[in-house]
1. From the backbone phi of segment 26-35, what are the Karplus-calculated ³J(HN,Hα) couplings (6.51 cos²θ - 1.76 cosθ + 1.60, θ = phi - 60°) in whole Hz, Gly and Pro given as x?
2. Distance in nm between label sites at Lys117 and Lys82, each 7 Å beyond Cα in the beta-carbon direction?
3. If I model a spin label at Val108 and Leu62 as a point 7 Å from the Cα along the Cα→Cβ vector, what separation in nanometres do I get?
4. Sequence gap of 8 or more, or different chains, plus Cα separation below 17 Å: how many lysine pairs satisfy both in segment 37-135?
5. What FRET efficiency do you get for Ile101 and Ser127 if R0 is 41 Å and r is their Cβ-Cβ distance, rounded to the nearest 0.05?
6. On the full set of protein chains, 1.4 Å probe, figure out the accessible area of Tyr121 and give it in Å² to the nearest 10.
7. Go through segment 17-94 and name the GluC sites (Glu not before Pro) that are in a DSSP coil and have 11 or fewer other Cβ atoms within 10 Å of their Cβ.
Amino acid sequence: MADEKVKVESQKEKEVEVAVEVKEPPPPDVVQLCRETFQKSAEYLHGELEGTVEDYKLLETLNKITITKYTDMKELTENISKGLQDLNEKYKNLQPYLEQINQIDENVSALEQAAYKLDNYSKRLESKFKALEKR
């Protein structure tokens, strides 16, 4: 009996009518308007894509210029660094001489002070000698 119910159901499924949509041709002006719409949409999208491509080309050019500038700046920085290293090395080599110059300067200052004291002493001695001579 269960088999009979299955057969009845499958026959009912086969008996179901399928509705077919009747298609009427669209009016010619609608077809033309659709074509124009699709054509203009395609032109718009093509223009947008061209704009995007141009933006990317501009970005690529800017990136290349930036890379060149950074490369130049890197080389300049490396040259400055080498120059500073050379200057530091020369300064280290000159350091003993600079210390000697400072020492000489201190000695000259001390000698100058001694010369002033000697000059003052000789002036006092001369004045005492003249005073003794007058007597």
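The values are calculated or read from the model by the stated rules, or taken from the named source; none is laboratory data. Just so we're clear, the structure is a prediction, and the values are computed from it rather than from any experiment. Don't worry about glycine lacking a Cβ; one is built from the backbone with ideal geometry, like all the others, and counts go over all protein chains shown. SASA here: full protein model, heavy atoms, side chains in, ligands and nucleic acids out. Shrake-Rupley method; radii C 1.70, N 1.55, O 1.52, S 1.80 Å.
1. So the Karplus estimates, Gly and Pro as x, are x, x, x, 5, 5, 4, 5, 5, 5, 4 Hz.
2. With each label point 7 Å from Cα toward Cβ, the separation is 5.5 nm.
3. The answer from the label model is 6.1 nm.
4. Working: Lys64/Lys74; Lys74/Lys82; Lys82/Lys90; Lys82/Lys92; Lys117/Lys128; Lys123/Lys134.
Lysine pairs meeting the criterion: 6.
5. Numbers: r = 39 Å, r/R0 = 0.95.
The pair Ile101/Ser127 has a calculated efficiency of 0.60.
6. 120
7. Values: sites: Glu17, Glu21, Glu36, Glu43, Glu48, Glu50, Glu54, Glu60, Glu75, Glu78, Glu89; in loops: Glu17, Glu21.
Here the GluC sites (Glu not before Pro) that fit, given the DSSP loop and packing criteria, are Glu17, Glu21.
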